[in-house]
Amino acid sequence: MDNRQNRLEALLWSGFGLLVLGYALIPVLWILSLSLKWPADLNDRRLIPARISFDNYRAVFEDAQFPAALWNSFGIALLATGLSILLAMFAAYAIVRLRFAGKKLVLAGVLAISMFPPVSIIGPLFNLWRGIGLYDTWAGLIIPYMTFTLPLAIWTLSAFFREIPWDLDKAARVDGATPFQAFFHVIAPLAAPGVFTAAILVFIFAWNDFLFATSLTSTNDARTVPAAIAFFTGSSQFEQPTGSIAAASVVVTVPIIVIVLLFQRRIVAGLTAGAVKG
Amino acid sequence: MKARGNAERRLAWLLCAPAVTAMLLVTAYPILYAFWLSLFRYDLRFPQHRQFVGLDNYVSVLSSEIWWKSVVNTLIITAGSVAVELVLGMLLALLMFRATLGRRTIRTVILIPYGMITVVSALAWKFAFDPTTGFVNALLNLDNAWLTERWSAFFVIIFTEIWKTTPFMALLLLAGLTLIPRDLISAARVDGASAWQRFVHVTLPLMKPTIMVALLFRTLDAFRIFDTVYVQTRGAGNTETVSLVGYNVLIARLNLGLGSAVSVLIFIGVLIIALLFLKGFGTPLTRQQGE
């Protein structure tokens, strides 16, 4: 009796697992399938390709546009992540460890920025960036990415910093360490996992952005992958770029899948730390 | 003691200064600048005609059909996606909470939609629903041109949004579920409450703060929707959203004055939504976040 119930339960949970697996993976398998189809089979409306070809991948990497966009995306997202995390670390440390007037103000500001609609400032930024030469440059995208990820980074880091034992910090101060030393030698190593988690979330945000990327860039100099894919054209005007778009999509989805597989636990902890526990 | 307090305050401000400066420079300053620009007739294609016009741009926007249509469209997409996400997310969260098998695998794959680039997921579903390329029509034995008709296009857009963001919702709600003391649930069970009663009378009230936070952020996100609509329809067939209108006027038509008025109005819209939600919270959100 008990055994049978257990077996039934296991069956139900496996069914649920498969359902979720299908939910998450179908679009991924679908673009993978599109990217591997022969051009002639593109319109066969089949989920699984009948014949496999890697021509689409060769095409996107031989084109000048996509490799440049990939390089821009990695560079811009990594630099924005680094800067955002650095600034957020300082702020989160102050918010968690120090008492000061205006803390509420800082927190309210952080909250406000997290709700801020990016579309409201693309016009002014477009105009300003053209004026000071930041239009279509890496810095022109790094600056808004850094800013818009600061709330996420500050929240996540504050939530993690709060878990660090106070006494170690105090002990270091008693032993004669300055607040700065206490930060770099005692807190920083303990905070590393939280910092890493925040960095992953910030990277995903910057890697994903489309609005700033289309508004503030125009050429291969700074155009990132989402913008490049959206504006893909075939190698000739008669050719449907669907296959190339699919191949490019697969290439940029692979890093995300790798990150998710490697750091699942951290991402979940980070996503929920800021919003629920904090 | 006083000196130490002073030093502490100075250090705190020193540490916060870079982040605060960056945030002010990239959001507060541009939004003020947007407001300033919105008071001018200012088209970048004819910069010499720049002229102070007061609130004329707002009058033009608020009396234009395009703007109000886009507001309605945005609200349709927001309401449609957030409502389904909440129900589906809650269901998923409850199941993940109970799951005895494959917990890790489920939590891992569920992050793929969250991490996937929005443009890519929008394209994947666009191709899937495409009448010549896609598998959806073949699967359902239909012959629909999904993205050319208004309501079916909304369906695809909302479907894509739901697919992409339900996992985030589910994970937030799951975190809220784990915070509920187990004793309360088992006490209710001892008292003879059914599973549904336990959910409605114990779980839901205790999860209200989590649900509100999740709803607020998803509503604001949905209201700002741009990527999916841009990729799937570009606003064709009366599916344009407010962000798309703002983008088109500003970046495609280079009309900075009119576009800035749209920007400011979107900002006000977000402000209204946020204030409505904050009123709905029992305690101020800042305090929850801060302490």
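What follows is calculated from the coordinates using simple rules that are stated; it is not laboratory data. Since this is a predicted model, take the numbers as computed values, not measurements. Cβ atoms come from the backbone with ideal geometry, glycine included; neighbour counts cover every protein chain shown.
Give me the net charge of B:F135's neighbourhood, meaning all other residues with Cβ under 12 Å from the Cβ of B:F135; Lys, Arg count +1, Asp, Glu -1. Working shown, then result.
Numbers: positive: A:K37, A:R45, A:R46; negative: A:D44, B:D130.
Overall, the nearby charge balance is +1.
What's the FRET efficiency of A:N220 with B:T100 using the Cβ-Cβ distance as r and R₀ = 45 Å, to the nearest 0.05?
So the FRET efficiency works out to roughly 0.30.
Could you work out, for the range B:1-117, what percent of all Cα-Cα pairs fall into each 10 Å distance bin, beginning at 0 Å and stopping at the bin that holds the largest distance?
Answer for the range B:1-117: a P(r) of 10, 16, 18, 21, 22, 12, 1 percent.
Shielding by partners for A:75-88, please: the mean number of other protein chain Cβ atoms within 10 Å of each residue's Cβ.
Details: counts 0, 0, 0, 0, 0, 0, 0, 0, 2, 2, 0, 2, 9, 2.
Per residue, the number of nearby Cβ atoms from other chains is 1 on average.
For the range A:1-158, what is the convex hull volume of its Cα atoms per residue in Å³?
On the way: hull volume 38.3 nm³, N = 158.
Enclosed volume per residue, from the Cα hull, is 243 Å³.
Roughly how many debye, to the nearest 20, is the charge dipole of chain A about its Cα centre, given +1 on each Lys and Arg Cβ, -1 on each Asp and Glu Cβ, and no other charges?
Values: 19 positive and 15 negative charges, 162 e Å.
So the dipole magnitude of chain A works out to roughly 780 debye.
What number do you get for chain B when its Cα radius of gyration is normalised by 2.2 N^0.38 Å, N = residues?
Details: Rg = 23.6 Å, N = 291, 2.2 N^0.38 = 19.0 Å.
Cα-based Rg divided by the globular estimate yields 1.24.
Once you place label points 7 Å from the Cα toward the Cβ at A:I164 and B:A252, how far apart are they in nm?
4.8
For chain B, return all DSSP H helices satisfying: extent of Cα atoms along own axis at least 24 Å; mean Kyte-Doolittle hydropathy at least 0.5. Could the numbers behind the result be given before it?
Details: long enough: B:2-23 (31 Å, 0.13); B:65-98 (49 Å, 1.43); B:150-178 (41 Å, 1.24); B:204-223 (27 Å, 1.21); B:256-280 (36 Å, 2.37).
Qualifying helices, which must be both long enough and hydrophobic enough, are B:65-98, B:150-178, B:204-223, B:256-280.
Can you give the calculated 222 nm mean residue ellipticity of the protein assembly as shown, where each DSSP H run of n ≥ 4 adds -39,500 (n - 2.57) and the sum is split over every residue, rounded to the nearest 500 deg cm²/dmol? Mind showing how you got there, number by number?
Numbers: 27 runs with 403 residues, N = 569.
Estimated from H runs of four or more residues: -23000 deg cm²/dmol.
Just to be sure I understand the curve: with the Debye formula and one point per C-alpha of the range B:85-235, what is log10 I(q)/I(0) at q = 0.10, 0.19 Å⁻¹?
Ignoring solvent entirely, the Cα scatterers give -0.47, -1.12.
What are the radius of gyration and Dmax of the range A:22-65, computed over its Cα atoms and given in Å?
Cα only, the range A:22-65: 11.5, 35 Å (Rg, Dmax).
Name all residues of the range B:161-188 having a backbone nitrogen under 19 Å from the label point set 7 Å from the Cα of A:Q5 along its Cα→Cβ direction, giving them as ranges.
B:186-187
Out of B:A170, B:A252, B:A19, any idea which swings most in a Gaussian network model of chain B, alpha carbons joined below 10 Å?
Of B:A170, B:A252, B:A19, the Gaussian network model singles out B:A19 as fluctuating most.
Determine the shielding of peptide A:207-215 by partner chains: average, over its residues, the number of Cβ atoms on other chains within 10 angstrom of each Cβ. Before the final figure, lay out the partial values.
On the way: counts 2, 9, 4, 10, 9, 0, 1, 7, 4.
The per-residue average across the peptide is 5.
Once Lys and Arg get +1 and Asp and Glu get -1 on their Cβ, which of A:P117, A:N220, A:F231 lies farthest toward the positive end of the dipole of chain A?
Checked the options; the winner is A:P117.
Taking beta carbons within 10 Å but only from partner chains, what does the mean come to for residues A:169-182?
The mean count of partner-chain Cβ atoms within 10 Å per residue comes to 1.
Of the peptides B:221-233, A:250-262, how do they stack up when ordered by the mean number of other Cβ atoms within 10 Å, highest first?
Values: B:221-233: 22.9, A:250-262: 17.5.
Highest-to-lowest ranking by the protection proxy: B:221-233, A:250-262.
Restricting attention to the range A:1-99, which trypsin sites (Lys or Arg not before Pro) occupy a DSSP loop and are surrounded by at most 10 other Cβ atoms within 10 Å? Could you put the intermediate results ahead of the total?
Numbers: sites: A:R4, A:R7, A:K37, A:R45, A:R46, A:R51, A:R58, A:R97, A:R99; in loops: A:K37, A:R45, A:R46, A:R51, A:R99.
Sparse-neighbourhood loop trypsin sites (Lys or Arg not before Pro): A:R51, A:R99.
Report relative contact order for the range A:63-277 in percent, whole number only (criteria: Cα-Cα under 8 Å, sequence separation at least 6).
Values: 208 pairs, mean separation 73.7, N = 215.
Taking the mean separation of contacting Cα pairs over the length of the range A:63-277, I get 34 percent.
For the protein assembly as shown, give the magnitude of the charge dipole about the Cα centre (Cβ charges: +1 Lys/Arg, -1 Asp/Glu; no others), in debye to the nearest 20. Mind showing how you got there, number by number?
Values: 44 positive and 30 negative charges, 324 e Å.
The calculation lands at about 1560 debye.
Could you work out how far apart the two model spin labels at B:V87 and A:R51 are, taking each label as a point 7 Å from the Cα in the direction of the beta carbon, and quote it in nm?
Computed distance between label sites B:V87 and A:R51 equals 4.6 nm.
Spin-label point model (7 Å from Cα, Cβ direction): what's the B:R50 to A:L86 distance in nm?
3.4
Over the Cα atoms of the range A:63-277, Rg to Rh with Kirkwood Rh, two decimal places?
Values: Rg = 19.9 Å, Rh = 19.0 Å.
My calculation puts Rg/Rh at 1.05.
What's the FRET efficiency of B:L275 with A:E62 using the Cβ-Cβ distance as r and R₀ = 56 Å, to the nearest 0.05?
Details: r = 52 Å, r/R0 = 0.93.
It comes out at approximately 0.60.
For chain B, with the dipole built from +1 on Lys and Arg beta-carbon atoms and -1 on Asp and Glu ones, taken about the Cα centre, which of B:L250, B:L94, B:G269 lies farthest toward the positive end?
Checked the options; the winner is B:L94.
With the dipole of the protein assembly as shown worked out from charges on the C-beta (+1 for Lys and Arg, -1 for Asp and Glu) around the Cα centre, which of B:Q48, A:A68, A:I85 lies farthest toward the positive end?
Ranked along the dipole, the leading option is A:I85.
Is any helix in chain A, taking whole DSSP H runs, at least 30 angstrom long along its axis by alpha carbon and on average at least 1.0 on the Kyte-Doolittle scale, and which ones? Kindly include the intermediate steps, with their values, before the conclusion.
Details: long enough: A:2-36 (48 Å, 0.88); A:65-97 (47 Å, 1.42); A:138-161 (31 Å, 1.45); A:242-272 (37 Å, 1.76).
Length and hydropathy pass: A:65-97, A:138-161, A:242-272.
Can you tell me which of B:25-31, A:200-206, B:149-155, A:146-152 comes out highest on packing, and rank the rest after it, using the mean Cβ neighbours within 10 Å? If you can, show how the numbers build up before the last one.
Working: B:25-31: 18.6, A:200-206: 23.1, B:149-155: 16.3, A:146-152: 25.6.
By packing density, highest mean first, the sequence is A:146-152, A:200-206, B:25-31, B:149-155.
Project the alpha carbons of the protein assembly as shown onto their principal axes and report the range along each, largest first, in whole Å.
Between the extreme Cα coordinates on each principal axis of the protein assembly as shown lie 83, 76, 46 Å.
Mind pulling up the Rg/Rh value for the range A:79-176? Radius of gyration and Kirkwood radius, both on Cα. Walk me through the intermediate numbers first.
Working: Rg = 16.9 Å, Rh = 15.4 Å.
Ratio value, two decimals: 1.10.
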